[in-house]
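Worksheet for the structure shown next.
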Amino acid sequence: MERLLSAFKTIRSTIFSPKVTLQKRITYAMVLCAGFGELFGTIESYMIGLPALSCLLPLFSFILLLGLSIWGFKTQKTNLFATICISITGFILFPMMFFANAGLLGGMPFYLLVAAVCSALALRGKTRIIVFVLLLIEYSGLFIIYRFYPELFTPMEHEEAFVDQLCSMIIASCVLFTFSYIVSKQNSHDRHTIQQLSLLYERQANTDELTGLYNRRYFNNFLKLAILTLGDTEKLHIAMFDIDDFKFVNDKYGHPFGDTILKQFAQILQKTESAGVTSCRYGGEEFLLLIPKKNRHDALELVEDVIKTTRETIKLKDDRFITVSAGFMTCTEDMTYDILLQEVDKKLYTAKSSGKNRVIF
């Protein structure tokens, strides 16, 4: 029993692994469900005492699917494997079972639906359409033949026919439900993976790799949107920071140390985001804060806290402290995105030229 469970776990981890393509997983699910359906059909036919041919055909179909599965797993020719399985069972074995199980009087019409569903989910491209149309034509022909030549079909007692229909309906429903459930789970898993990857790529596209802050492109779009949608522009403020003497830091201590300084300052800015602030690395040693829904005094106080915290916490190797300068602007009703950035940049330039380590507003 342990070996059997281990074998099932191995099969599950191999053929239903997320690393396997979705089409392969769907094909494996189709064959697995169809194989069990054929096996249960064999047992059902034997239990209700149907003719030997009615028992042997589903058993032969089960063995054939098992052999084709081994071939399919070895060759990895998924499209060909699925097409062969559906073609042999749908075009040859199912019609033979239809004749052997009393035609419309027995339960085979339920299995004909299984072939149609499997062709829709497991096949791809033009092959799917061609197989489905051919199945529709063949099964319509079988129904017409039964209508005019019922004597060609193996007869079945009324009681046996009822049991066969009931069992076939249950088996076919279980096969279709299980197959559809597996396909749904696989699709759901892949959709979730795609969504996660999409969010990851979106984050990477909008985030500065070094500091983890938003990048210039994201901030520009976000600022334009904020100006248009905030409504009360008097409560939208922007601060532009520049690390003082950063070129000197890079030249004296090296660029890796300079990167450390940038990351430490980014962490200070990130702590302000709990107040609804959006921070970004605008380029080089320049950073921006967008401060919405605060009055001018509170927003300015937040900027001054950033300057103070930087001076008190970021040290150089010779115990000197890093300082930053900042320009601060409040958005007015007639201000556009371009004007706002130009004005705050001018304020920053004034702060740098008038002694640094301060904010000009």
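The values are calculated or read from the model by the stated rules, or taken from the named source; none is laboratory data. Model, not experiment: these values are computed from the prediction. No Cβ is skipped: glycine too gets one built from the backbone with ideal geometry, and neighbour counts run over all protein chains shown. Remember, those area values only see protein heavy atoms, side chains included, never the ligands or the DNA or RNA. Shrake-Rupley method; radii C 1.70, N 1.55, O 1.52, S 1.80 Å.
Looking for whichever is without any contact (Cβ under 8 Å) to a residue 60 or more places away in the chain, over 21 Å from Met169 (Cα atoms) and not basic (Lys, Arg) here; the options are Leu59, Leu68. Which one fits?
Numbers: Leu59 fails: over 21 Å from Met169 (Cα atoms).
Selected residue: Leu68, the only one of Leu59, Leu68 that is without any contact (Cβ under 8 Å) to a residue 60 or more places away in the chain, over 21 Å from Met169 (Cα atoms) and not basic (Lys, Arg).
Only one of (1) open to solvent by 10 Å² or more (accessible area, probe 1.4 Å); (2) in contact with a helix residue (DSSP H, G or I) (Cβ under 7 Å, 6 or more places away or on another chain); (3) not polar (S, T, N, Q) is not met by Phe98, so which one is it?
(1)
From the set of residues in segment 227-241 that are open to solvent by less than 60 Å² (accessible area, probe 1.4 Å) and out of contact with any Gly (no Cβ under 6 Å at 6 or more places or on another chain), which is modelled with the lowest pLDDT? Steps first, please.
The initial filter retains those residues of segment 227-241 that are open to solvent by less than 60 Å² (accessible area, probe 1.4 Å), namely 227, 230, 233, 236-241.
In the following step, the residues that additionally are out of contact with any Gly (no Cβ under 6 Å at 6 or more places or on another chain) were identified as 227, 230, 233, 236-239, 241.
Values: Ile227: 76, Leu230: 60, Thr233: 55, Leu236: 85, His237: 90, Ile238: 91, Ala239: 94, Phe241: 96.
Looking at the filtered set, the residue picked out is Thr233.
Find all pairs meeting these conditions: Cβ atoms under 9 angstrom apart; at least six residues apart or on different chains; first residue within segment 179-208 and modelled with pLDDT of 70 or more; second residue part of a helix (DSSP H, G or I) and open to solvent by 100 Å² or more (accessible area, probe 1.4 Å).
Pairs that qualify, where the first residue is modelled with pLDDT of 70 or more and the partner is part of a helix (DSSP H, G or I) and open to solvent by 100 Å² or more (accessible area, probe 1.4 Å), are Ala205/Arg217; Asn206/Arg217; Asp208/Arg216.
Rundown of residues vs (1) basic (Lys, Arg); (2) surrounded by 17 or more Cβ atoms within 10 Å (Cβ to Cβ); (3) part of a loop (DSSP other than H, G, I, E, B), yes/no style:
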position: Arg128; (1), (2), (3): yes, yes, no
position: Phe143; (1), (2), (3): no, no, no
position: Met156; (1), (2), (3): no, yes, yes
position: Phe162; (1), (2), (3): no, no, no
position: Cys167; (1), (2), (3): no, yes, no
position: Tyr181; (1), (2), (3): no, no, no
position: Ser184; (1), (2), (3): no, no, no
position: Asn187; (1), (2), (3): no, no, no
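Collect the residues in segment 338-361 that are under 46 Å from the mean Cα position of the chain (by Cα) and within 16 Å of Glu304 (Cα to Cα), keeping them in residue-number order.
Val344, Lys347, Leu348, Val359
What residue, of Ser325, Ser279, is open to solvent by less than 20 Å² (accessible area, probe 1.4 Å), in a strand (DSSP E or B) and under 16 Å from Thr211 (Cβ atoms)? Break it down into steps so the answer makes sense when it comes.
Values: Ser325 fails: under 16 Å from Thr211 (Cβ atoms).
Exactly one of Ser325, Ser279 is open to solvent by less than 20 Å² (accessible area, probe 1.4 Å), in a strand (DSSP E or B) and under 16 Å from Thr211 (Cβ atoms), namely Ser279.
Among the residues of segment 332-349, what is the count of those that are open to solvent by 60 Å² or more (accessible area, probe 1.4 Å) and in a helix (DSSP H, G or I)? Give the steps one after another, and end with the answer.
Taking segment 332-349 as the starting set, the residues that turn out to be open to solvent by 60 Å² or more (accessible area, probe 1.4 Å) are 333-334, 336, 338-339, 342, 345-346, 349.
Filter once more, so that each one left must be in a helix (DSSP H, G or I): 338-339, 342, 345-346, 349.
Number satisfying all stated conditions: 6.
Exactly one of (1) open to solvent by 40 Å² or more (accessible area, probe 1.4 Å); (2) out of contact with any helix residue (DSSP H, G or I) (no Cβ under 6 Å at 6 or more places or on another chain); (3) part of a helix (DSSP H, G or I); (4) farther than 30 Å from Gly49 by Cα is unmet by Lys224. Its number?
(2)
Given the criteria closer than 24 Å to Ser173 by Cβ, open to solvent by less than 50 Å² (accessible area, probe 1.4 Å) and within 34 Å of the chain's Cα centre (by Cα), does Ser45 qualify? Full working, then the answer.
Details: closer than 24 Å to Ser173 by Cβ: yes; open to solvent by less than 50 Å² (accessible area, probe 1.4 Å): yes; within 34 Å of the chain's Cα centre (by Cα): no.
Judged against the criteria, Ser45 is not a match.
Among the residues of segment 298-327, count how many are within 21 Å of Leu225 (Cβ to Cβ) and of a type in the set (Phe, Trp, Tyr).
Residues that pass the stated criteria total 0.
Among (1) modelled with pLDDT under 90; (2) hydrophobic (A, V, I, L, M, F, W, C); (3) closer than 25 Å to Gly254 by Cβ, there is one condition Phe361 misses while meeting the rest; what is its number?
Result: Phe361 passes all but (3).
Could you tell me whether any residue of segment 249-270 is hydroxyl-bearing (Ser, Thr, Tyr), open to solvent by less than 20 Å² (accessible area, probe 1.4 Å) and either in contact (Cβ under 8 Å) with a residue 24 or more places away in the chain or in a helix (DSSP H, G or I) (or both)? If you could, list the steps in order and put the result at the bottom.
We begin by selecting, within segment 249-270, every residue hydroxyl-bearing (Ser, Thr, Tyr); these are 253, 260.
Of the ones still in play, those that are also open to solvent by less than 20 Å² (accessible area, probe 1.4 Å) are none.
Among the residues of segment 249-270, not one is hydroxyl-bearing (Ser, Thr, Tyr), open to solvent by less than 20 Å² (accessible area, probe 1.4 Å) and either in contact (Cβ under 8 Å) with a residue 24 or more places away in the chain or in a helix (DSSP H, G or I) (or both), which makes the answer no.
Taking interchain pairs and intrachain pairs at least six residues apart, which have beta carbon atoms under 6 angstrom, with the first residue in segment 72-93 and free of Cβ contacts under 8 Å to residues at least 12 places away in the same chain and under 27 Å from Met108 (Cβ atoms) and the second assigned to a helix (DSSP H, G or I) and open to solvent by less than 30 Å² (accessible area, probe 1.4 Å)?
none
Which of the helices (runs of 4 or more DSSP H) found entirely inside segment 17-89 contain at least 2 residues meeting this: closer than 30 Å to His158 by Cα? Don't jump to the end; show me each part of the working.
Details: elements: 22-47, 52-75, 78-87.
In segment 17-89, 22-47, 52-75 are the helices (runs of 4 or more DSSP H) which contain 2 or more residues that are closer than 30 Å to His158 by Cα.
Which one of Ile92, Ile88 is open to solvent by 50 Å² or more (accessible area, probe 1.4 Å), β-branched (Val, Ile, Thr) and more than 20 Å from Ser180 (Cα to Cα)? Walk me through how you get there before you give the answer.
Working: Ile88 fails: open to solvent by 50 Å² or more (accessible area, probe 1.4 Å).
Every option except Ile92 fails the conditions.
What are the residues in segment 284-322 that are part of a loop (DSSP other than H, G, I, E, B) and either open to solvent by 20 Å² or more (accessible area, probe 1.4 Å) or charged (D, E, K, R) (or both), if any? Show your work before the answer.
Initially, segment 284-322 is screened for residues part of a loop (DSSP other than H, G, I, E, B), giving 284-285, 293-295, 314, 316-320, 322.
Correct list: Gly284, Glu285, Lys293, Lys294, Asn295, Lys317, Asp318, Asp319, Arg320.
Any residue in segment 40-53 that is modelled with pLDDT of 85 or more, under 15 Å from Val114 (Cα atoms) and touching a helix residue (DSSP H, G or I) at 6+ places or on another chain (Cβ under 9 Å)?
yes
Return only the number of the condition from (1) of a type in the set (Gly, Ala, Ser); (2) at positive phi; (3) at pLDDT below 85 that Gly103 does not satisfy.
(3)
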